[in-house]
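Student: Please see the structure below; I have some questions.
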Amino acid sequence: MFARLGNLVVLLGVALMSAVLAVPAPAVADARVALVIGNGEYDGDLGKLRNPVNDAALMADTLRELGFDVDLVENADQKEMKRAIRDFGQKLRGTGGNGIGLFFYAGHGVQVDGENYLLPIGAQIEAEGDVELEAVSATSVLSQMQFAGNAVNLVFLDACRNNPLTRNFRSGARGLARVDAPRGSFVGYSTAPGDVSVDGDNENSPYTLALVEALRTPGTSIEEAHRAVRAKVLTATNQRQTPWDSSSLTGPVILAKAAEPELPAAAAIEPAPAPAAPSAGGNQQAELLFWDSIKNSDNPATFEAYLKQFPNGVFAGLAQAKLDELNAKSGNAATTAEQQAAAQAEAETAAWSGIKDSNNPAMFEAFLKQFPNGTFAPLASARLEQLKAKPVEVAAAASEPAPEPTPAPAPAETQSAAVAPEPAPLAIEAMSGVYVAKKSANLRAAPDTKSAVLGKLAADQPVDVTGKVAGGDWLRVAFKGKEAFVSAGLMTRSSAEEVAAWKALKGQPSEAGAQSFLAQYPAGAFQPKAKALLAKLQQPAEPAPMEPVAEPAAPAVVAQPAPAPAQQAAVAPAPAKNVVRISSALRDKVERYLRNSESFGGYYRFLAVNQAGDRVGMSNCTKQTTWTVDACGGASNPLEGAKRVAIKECGGPASCRLIFEGAKKIGDFEIEWY
């Protein structure tokens, strides 16, 4: 099965990681080399892919921002791909022991006998035996990176789309096969092994958009970044695509260094107070530090540790909700003391990675308050003492008298300016979801109508929303891998599934299709437009004007109108019924579903069919099922989950629609077997 690959492989030596964890000083500078390939101009049965070249260009720009020397290759044939991989290996060998290598591929991919292959432009593949001769083995890339002898290697594969060519393969395997990461490396996939991913409705795939955003996040390790990518892609695709990874890293690998928070000048002027009982501000700082270190974790024990430490904290509600979600998914009611200890250690390591290069004493004070007996407590104490000594020196230098006496108001003015030099940071409430524009909307650099316009959304265009400005009417969105803001009044909430279904309906409008859409999304963003479309489709055709037939011999007869019934029959013939064509090979399956539906009163059952009529999807979800049960599609209720399962089994909302709920038709149609 051909697929789009979306992975980054990161190799980091044990010695380098030990140095990063043990020493608060910055690590030795590293050389960064990347190869980015995007293939989309396929021909034949494969057809062109819209996003890979865009994805590759976006990734190349992102990596350059992160200090990589990037080779970007677009729409390459087999020879060009192999030469690029060879040159990449040679460059990587020249980086020495501290080098970081990164490989990103977007395009078609296929697995044969457990081996993954990247598909070049112009590949002629009709059977499994052709793949090894026409494609490029993903193993050859990993081998070049492993043999280079550098410290770190990253590989991301965004290539897991469903592909029609695999119908001719004996195995019929979907997606890519899982490959375990070599020692000290990280391999990321755009979706789970054996599954397929979606191209998305934007210029870039959901995986690449989420990935570049995560890689740009300061202080975030590769594992943390990919966990964030997984959550974002699951949301963007309505749980249909689950990014996967394989890692054998021995420590956190961070591409974007955390920004060093600056102390207000007043802190340098005023001497630090003597140690006292912890203040409310200190508690909040410690809580924020803890929460930032665990908020993207998928370990229930980390959230239990947070709730134990801060039962009435600011994030207690979010932590409990996340804990309930993770426990429900894993089937665990509670974690052991050993798991909680491991979670505490995980949180400490993440927190230390985020502050170890900071020059702000408050960060280390908060760290020591939260982890007084932790592994990194001695290093934090030493760093804190070092930083506390610096303000005294700065204050002394700042207070050296000038040759002339300084008037009293001047220091006060200077101090006042130093105390509050910057406006308060934006308060943004985190959220995620797909929204569509009600009409044309500007995307701005800040939540202000006077800020720069970064782009524009057309009416009905979808976008990923990542947050809402507190107390305001602005939404934060992900736009080409970066952050932008749009007026909330111009947007309405939707879903990736609804957007794809509406796009398919507009492409092939039909009365039955519109009725099915409204049954699936009765309160969706496109409901008004779907209702208007249905009303238009249901309008009787305007009768053609009847022209009188001249009879030259008898003018009086010409004026004689035809009998009313005959005229009516000629003007408005009975409307033809909607027909759903389904392959006769599926007749037994469909009829068995209809018979069984009579005796499944306690279940939500749906049947969907694709446009070609050669594939159907069915669901059977108990009405008592909760949203966490996979059998019901991961929706917030079993009814929606049952719809989702049937559509997914059929092939997805872009090509399928629901025609039966139980044994009841959705819309007015007749089945025609062919």
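Student: Scan (1) crowded, with 21+ Cβ neighbours inside 10 Å; (2) more than 24 Å from Phe147 (Cβ to Cβ); (3) not polar (S, T, N, Q) for the single condition Leu102 breaks and write down its number.
Tutor: Condition (2) is where Leu102 drops out.
Okay, residues lined up against (1) assigned to a loop (DSSP other than H, G, I, E, B); (2) open to solvent by 20 Å² or more (accessible area, probe 1.4 Å); (3) modelled with pLDDT of 80 or more; (4) of a type in the set (Gly, Ala, Ser):
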{"position": "Ala512", "(1), (2), (3), (4)": "no, no, yes, yes"}
{"position": "Ala525", "(1), (2), (3), (4)": "yes, yes, yes, yes"}
{"position": "Ala530", "(1), (2), (3), (4)": "no, no, yes, yes"}
{"position": "Leu537", "(1), (2), (3), (4)": "no, yes, yes, no"}
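Student: I need a count of the residues in region 229-264 that are surrounded by fewer than 18 Cβ atoms within 10 Å (Cβ to Cβ) and either in a helix (DSSP H, G or I) or modelled with pLDDT of 85 or more (or both).
Tutor: Result for region 229-264: 2.
Student: Take residues that are surrounded by fewer than 11 Cβ atoms within 10 Å (Cβ to Cβ) and tell me which of the strands (runs of 3 or more DSSP E) falling wholly in region 422-471 contain 1 or more. If you could, list the steps in order and put the result at the bottom.
Tutor: Details: elements: 428-437, 441-444, 453-457, 462-469.
Filter on region 422-471 gives 428-437.
Student: Continuing with the same structure: Considering only region 55-87, state which residues are of a type outside the set (A, V, I, L, M) and closer than 22 Å to Ile254 by Cα.
Tutor: Asp55, Asp61, Thr62, Arg64, Glu65, Gly67, Phe68, Asp69, Asp71
Student: Then there's this: For a quick check of your reading of the model, give me the residue pairs whose first member lies in region 581-602 and is closer than 16 Å to Lys623 by Cα, whose second is surrounded by 10 or more Cβ atoms within 10 Å (Cβ to Cβ) and not small (Gly, Ala, Ser), with beta-carbon atoms closer than 7 Å and at least 6 apart or on different chains.
Tutor: Here the result reads Ser597/Arg605; Phe600/Asn620; Gly602/Thr622; Gly602/Lys623, each pair linking region 581-602 to a residue that is surrounded by 10 or more Cβ atoms within 10 Å (Cβ to Cβ) and not small (Gly, Ala, Ser).
Student: Related question: Pull out all pairs, ordered by first then second residue, where Cβ-Cβ is under 9 Å, the residues are six or more apart or on different chains, the first lies in region 211-223 and is in a loop (DSSP other than H, G, I, E, B) and surrounded by fewer than 19 Cβ atoms within 10 Å (Cβ to Cβ), and the second is at pLDDT 90 or above and hydroxyl-bearing (Ser, Thr, Tyr).
Tutor: Arg216/Thr62
Student: Conditions: (1) modelled with pLDDT of 90 or more; (2) open to solvent by 10 Å² or more (accessible area, probe 1.4 Å); (3) closer than 26 Å to Gly149 by Cα; (4) in a helix (DSSP H, G or I). Asp71 meets all but one. Number of the miss?
Tutor: (4)
Student: Could I ask something else about it? Picking from Ala27, Ala22, which residue would you name as being farther than 23 Å from Arg216 by Cα and at pLDDT below 95? Spell out the reasoning first.
Tutor: Working: Ala27 fails: farther than 23 Å from Arg216 by Cα.
Only one candidate passes the filter, namely Ala22.
Student: Do you know which of the residues in region 25-64 that are touching a Leu at 6+ places or on another chain (Cβ under 9 Å) and under 30 Å from Leu387 (Cβ atoms) is least open to solvent (accessible area, probe 1.4 Å)?
Tutor: Among those that are touching a Leu at 6+ places or on another chain (Cβ under 9 Å) and under 30 Å from Leu387 (Cβ atoms), it is Arg32.
Student: For region 472-485, which residues satisfy the criterion of being under 14 Å from Met431 (Cβ atoms) and surrounded by 19 or more Cβ atoms within 10 Å (Cβ to Cβ)?
Tutor: Answer for region 472-485, where residues must be under 14 Å from Met431 (Cβ atoms) and surrounded by 19 or more Cβ atoms within 10 Å (Cβ to Cβ): Trp474, Leu475, Arg476, Val477, Ala478, Phe485.
The values are calculated or read from the model by the stated rules, or taken from the named source; none is laboratory data. Bear in mind the structure is a predicted one, so any value in this text is a computation, not a measurement. Cβ coordinates were reconstructed from backbone atoms using ideal geometry, including for glycine residues, and neighbour counts include every protein chain displayed. In case anyone asks, the SASA skips ligands and DNA or RNA and just uses the protein heavy atoms, side chains included. Shrake-Rupley method; radii C 1.70, N 1.55, O 1.52, S 1.80 Å.
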